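Note sheet for the following structure.
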Amino acid sequence: MGMEKVFTPIDIGGMTLKHRVVMAPTIHEMCYRGHPTEAYLAITDTYARSGVSMVCVGGATIDPGPTGDVFPNALSIAHDECIFGLQRLAEVIKAQEAKACQQLYHPGRAAARYWAQSNPEMLPWGASAKIPFMAAPKWEITKKDGKWNAVNVMPPAPVREISAEEIEQLVRMHVLAVLRAKKAGFDAVNIHFANVTLVMDFISPYTNVRTDGYGGGWENRMRLPCEIIQATRAAVGKEYPLIVRIPADQGLGEAGIQLQDTLRHVVPRLEESGVDAIDLSAGVLDHTPNKIIPPMYDARGCYLAHSEAVKKVTKLPVIVAGRLCDPRMIAKAIENDRCDVAALSRPLMADPLMPKKMIAGKPDDVRMCVACGYCMTEAGWTKYCAINAESARETSLPKIEPARNPRKVLVVGGGPGGMEAARVLRERGHDVTLCEKEAQLGGALRIAAAAPLAREWRTFTRWHMRQIEMLGVKVRLGTEVTKELVAELAPDAVVIATGSVPGRDVPGADQPIVVTEEDVLLKGTVIGKRVVVIGGAFWDVETAINLAEQGKEVTFVRAAASVSMNRLGPIRALPILFGMLQAKHVKPLFSTTVVAIEKKGVRIVDNAGNAAFVEADAVVLSTERVANRKLLDELRGGVADLHEIGDCVKPRCVADAVYGGRLVGSRI
Amino acid sequence: MPAVVNKDICNGCAGLERRECIYNCPYDAIVPVDGKAVVDKDKCDECKICIEVCPVRAIVLE
């Protein structure tokens, strides 16, 4: 890569970005009562050092009251006390010669997410009362007949239409927040009118059925955002860059904002009212989260079509995000004028040196974000990354430093955990041998990557393989490690990463019609037409869909009421998955238990006690996996420095394996 | 599972100012052969952008 257009400067409202790769605004739940913690400053520093030309600090709420509360540990810009913390964030960014931008927003309906649970009499602000907030998880903890019971429910949370006076208050909140950002030293602001904001709910016909001057046609529905821009401009003057983030398409079809509306009504009016750049997102938090954070099922650069169309109707610079995980994709998109600026969020978590590697012309060294969504989990938007254990652990994880006493280390198992351990250990100067019993590296990720929907996982294995080869890890494929081999190699330390095997704890699992997902996905075992997939593993549905795509008649049986969410909840894209099950004619049987696998099919019973027999030519086990601890048990007590990581400890997700590998890598 | 173009559906973006898949492929993996798009399997990285941009939906992952 030479000096392509992506590396040329661009002007946004008088602010010059040195090149066109920036950090996208991203909410981090790493604050305490609205103020950034040291951990948040540390991860911001990581982003600033990545080589991006601008870091946009994610959504700070502008409303000091409970109506402004949406993520309990997110940033606030709602009062003057916030300025000190914001100043430190801006400082951390600017110290690395990147421009600092602050995103701010009013959450509107989304404030129902947490606080409305305990304050039912104080309803969150909505453009109209029509649409409640659809995803407000809530614990109902009740005592009945001396016994406590706790259920997690997700009732829709009502909202109320805000009044004309409150609209004025809302405009003032925006202006004051922008002034605070400016005072704190930010070079620009990003005013959030997308995804999870009250202003978006005013723009969208889906949520706005007002009958006053702020509801009705596009002219009226665009009145509020334009007033906010005009008022802000009056306060900050001409020379302060105002970037506006809008949803190019809400993903609600004709009911919501569609791309054609954005082109015809939204962008022209915003341009007229004096914004300096258009930043494109998509989706609505409670209805189409998979549009805000596109899953790996979507194409890389899936929103470039939006930015390309928007560029045709405006002279303003157009910023776009959405799976821009590959430097080549970004370079091509900017070269072809499909966007002016590429905004990265998840790709920077997966590889915080991606922009620098891009500039250095080393795109193959980038650990590409696979869009698994681990960073955006319901467990807390703390930005842990499944493939980069260092993300959001700046203040806790030991740095990779040369080993004081380089030793001979044997790593057993070439899955993501074993490869991560080998990579880190070798980088620190240890003499590392990695043994894998299969003929290829990848471990359980090979199974995941064999399902077409989850193919992106293969890029992580590819990256690991490249790294351990460049570092000089001695790789021995097709080598099953035994106690004898360990004795022969005589390592100073052993890391066991032998992973897991499919669970066979199903009555009749020894029937000849039974195969595992490994058999069908990896070994190409030929099976008959009528197939029952017994779920339980993380990628079980994808396996069922894959088999259906191969022309099988698939019945999918799972004991749980839904698919595995396992901390990848928000963007597991359930509507997409269930849509695919339907489109591929897979028959899903949730809340259904397998009684026994028999010669010609599977006997099942559902939660209501209804028994049935499903005829099948083959039964594919995609059941919960079981730790492979054989070698571990054999070596226990016989090897002085023995470590265990990943699925062989307990079958979990790839993030746990990678974290285990990274951690053990700096411990030995 | 690289991208593959269905020759019966691909019309070479006839009447359009450019061939969308070729123009957008970040890996330069698609070339025109007899007026139709053909994917070089070794270069394809399965990013799916060609599937996204194809005006006649002629492309799928194999």
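Equivalent ellipsoid of region A:610-668: semi-axes from √(5λ) of the C-alpha gyration tensor, largest first, are 36, 16, 8 Å.
For region A:514-626, the convex hull drawn through the C-alpha positions has a volume of 106 cubic angstrom per residue. Take the Cβ atoms of A:Lys238 and A:Lys94, set R0 to 30 Å, and the FRET efficiency comes out at 0.85. Note on A:Lys183: aspartates and glutamates with a C-alpha under 17 Å away, same-chain residues under 8 apart excluded, are A:Asp80, A:Glu81, A:Glu91, A:Glu239.
Projected label points at A:Lys183 and A:Glu549, each 7 Å from Cα along the beta carbon direction, are separated by 5.5 nanometres. Remark: spin-label model distance A:Ala608-A:Ala360 equals 6.1 nm, labels positioned 7 Å along the Cα→Cβ axis.
Computed over region A:84-208, the range of Cα coordinates on each principal axis works out to 63, 35, 22 Å, biggest value leading. Stick to Cα atoms and the Kirkwood definition of Rh, then tell me Rg/Rh for region A:276-412. Across region A:276-412, the Cα-based Rg/Rh ratio is 1.06. For region A:597-653 versus chain B, the spacing of their alpha-carbon centroids is 41 Å.
Where both bridge residues fall in region A:527-646, DSSP classifies roughly 50% of the beta bridges as antiparallel. Lacking any other cysteine beta-carbon closer than 4.7 Å, the following Cys residues of chain A have no compatible partner: A:Cys31, A:Cys82, A:Cys226, A:Cys302, A:Cys339, A:Cys372, A:Cys375, A:Cys385, A:Cys435, A:Cys648, A:Cys653. Direction-averaged shadow area of the convex hull around the Cα atoms of the protein assembly as shown, nm²? Answer in nm², one decimal: 34.8. Here the 3J(HN,Hα) profile of region A:381-387, calculated from phi with Karplus coefficients 6.51, -1.76 and 1.60 at θ = phi - 60°, is 7, 8, 6, 5, 10, 5, 9 Hz, Gly and Pro shown as x.
The ranking of A:Ser562, A:Ser76 from fewest to most other beta carbons within 10 Å of each one's beta carbon is A:Ser562, A:Ser76.
The sum of -39500 (n - 2.57) across all DSSP H runs of n ≥ 4, divided by the residue count of chain A, sets its helix-only mean residue ellipticity at 222 nm to -8000 deg cm²/dmol.
Compute the acute angle (0 to 90°) between the alpha-carbon long axis of helix A:540-549 and the principal axis of greatest extent of the alpha-carbon atoms of chain A; round to the nearest 10°. The angle comes out near 90 degrees. Proximity of backbone amide H atoms, modeled 1.01 Å from N, is registered between A:Phe556 and A:Val533, A:Lys587, A:Leu589 at under 5 Å, excluding neighbours fewer than 5 places apart on the same chain. The convex hull of the Cα atoms of region A:435-511, projected and averaged over all directions, covers 7.5 nm². Count the DSSP beta bridges whose two residues both fall in the protein assembly as shown, then state the antiparallel fraction as a percent rounded to the nearest 5. Percent antiparallel among DSSP bridges in the protein assembly as shown is about 35. Could you tell me the calculated FRET efficiency between A:Thr211 and A:Thr314, based on Cβ-Cβ distance and R0 = 45 angstrom, to the nearest 0.05? Computed FRET efficiency for A:Thr211 and A:Thr314: 0.90. One chain, two ends: A:Asp337 and A:Val153. Fully extended at 0.36 nm per residue, the span grows by 61.6 nm beyond their Cα-Cα distance. Calculate log10 I(q)/I(0) of region A:1-159 for q = 0.09, 0.16, 0.19, 0.21 Å⁻¹, where I(q) comes from the Debye formula with a single equal point scatterer on each Cα and nothing for solvent. Relative scattering, expressed as log10 I(q)/I(0), comes to -0.42, -0.93, -1.10, -1.21.
Counting only other chain Cβ atoms within 10 Å of each residue's Cβ, the peptide B:41-49 averages 5. Per residue, the Cα convex hull of region A:408-471 amounts to 67 Å³.
Checked against a 28 Å cut-off, the cross-linked pairs A:Lys437/A:Lys599; A:Lys362/A:Lys399; A:Lys18/A:Lys312 give Cα-Cα distances beyond that limit for A:Lys437/A:Lys599. At q = 0.12 Å⁻¹, what log₁₀ I(q)/I(0) does a Debye calculation on the Cα points of region A:141-227 give, no solvent, two decimals? Each listed q maps to, in turn, -0.54.
Only Cα pairs under 8 Å and 6+ residues apart enter the sum, and on that basis the relative contact order of chain A stands at 11 percent.
Rounded to two decimals, what ratio of Rg to Rh does region B:3-61 give with C-alpha atoms and a Kirkwood Rh? My calculation of the ratio gives 0.90.
For region A:217-296, the spread of Cα coordinates along the three principal axes comes to 41, 29, 19 Å, biggest extent given first.
Read-outs throughout are calculated quantities, based only on the coordinates presented, and are distinct from any laboratory measurement. Predicted, not measured: the structure shown is a model, and the values here were computed from it. Glycine also receives a Cβ, built like all others from the backbone with ideal geometry; neighbour counts cover every protein chain displayed.
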